[in-house]
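What follows is one structure encoded as structure tokens, with my remarks underneath.
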Amino acid sequence: MDTLQAEKENLLDLIFPYFCLICGTETNTAAPHYLCHECRIKMLRPQGASCRICTTPLAVNETKDTCPDCRKQKPQFQYKAAYAPTIYHGLARQLLILMKSAKKKILLKPMAHMMVEFGQKHIPDIKDYDLVLAVPMHWTKLTLRGFNQARELAHIIAQTMDIPTADNTISRRMFSAVQKRLSQKQRSINALTSFRQGKNIGQAKDKNILLIDDILTTGATAAECSRLLVQAGAKKVSVLVFAGTEQKSKKTN
Ligand SMILES: [Zn+2]
Ligand SMILES: [Zn+2]
């Protein structure tokens, strides 16, 4: 965010009362929440264990830390674990759609805030992480939306947690707009060719990395980014996203 934009937003915070950006209720909650307490609570995922790879809630009788779908695929995931404060449905889905379709960058603030809060509560080794990175977005999508939500989230999270962040450690190799129409297997193969090490990849060396994205679906994207980071000497990578999905069968990208 440039200085002028930041100053404008700070000024708006001072002048206007706070209204929840989802339900419109006037709220006492100051920035950077922008959402009322009720909407935030409604959005949070139910308590309980979730799959270490895809964040899908696990069955109560599940004895492993991964879901049956992830075990079936036997994927080569090089991230330690993935975490998500919400599941992609209801209000969380509404918030993401609003952020993307209406290009409401301001919604990234409450999202990032919820991610940090969740991370501090549920990531056992949260204090180890010393670099925050974003899953890169292809420039064509960036041109359409005007901002990369993962990068914006990573910057807010890095600032909130007082950890450095870096850009261009990983970059997109090709446009994957067709990704949505592909099968899960094809998508995993596609992801392998979608990323490459960027010009600042050296910054990943010896770091414990928190990799940020807005949604985690199959985990193929996060897995490929992690692979590149581990290859470049990262000690460990964990993934923190705003929303995970409920079941693999419902996943769309
Ligand atoms: Zn609300
Ligand atoms: Zn899973």
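Read-outs throughout are calculated quantities, based only on the coordinates presented, and are distinct from any laboratory measurement. Keep in mind that this is a model prediction, so the values were computed, not measured. Positions of Cβ are generated from backbone atoms using ideal geometry, with glycine treated the same way; all protein chains shown enter the neighbour counts.
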Going by average Cβ neighbours within 10 Å, how do the peptides 195-206, 214-225 rank, with the highest at the top?
-> 214-225, 195-206
Pop a pseudo-label 7 angstrom from the Cα along the beta-carbon direction at both ARG173 and GLU117 and give the gap in nm to one decimal.
-> 4.0
Please give the per residue volume of the convex hull enclosing the alpha carbon atoms of region 30-168, rounded to a whole number of Å³.
-> 140
Could you name the aspartates and glutamates in cross-link range of LYS235, using Cα to Cα under 16 Å and dropping any fewer than eight places away on the same chain?
-> ASP125, ASP128, ASP130, ASP206, GLU224
How do 52-59, 82-89 rank on mean C-beta neighbours within 10 Å, highest first?
-> 82-89, 52-59
If the limit is 29 Å between Cα atoms, which of LYS64/LYS127; LYS64/LYS199; LYS72/LYS205; LYS104/LYS236; LYS127/LYS199 go over it?
-> LYS64/LYS199; LYS72/LYS205; LYS104/LYS236
Which aspartates and glutamates, on any chain, are close to LYS103 with Cα under 19 Å apart, when same-chain ones fewer than 8 places away are left out?
-> ASP2, GLU9, GLU152, ASP213, ASP214
Give the peptides 107-117, 228-238 in descending order of average Cβ contacts within 10 Å, highest first.
-> 107-117, 228-238
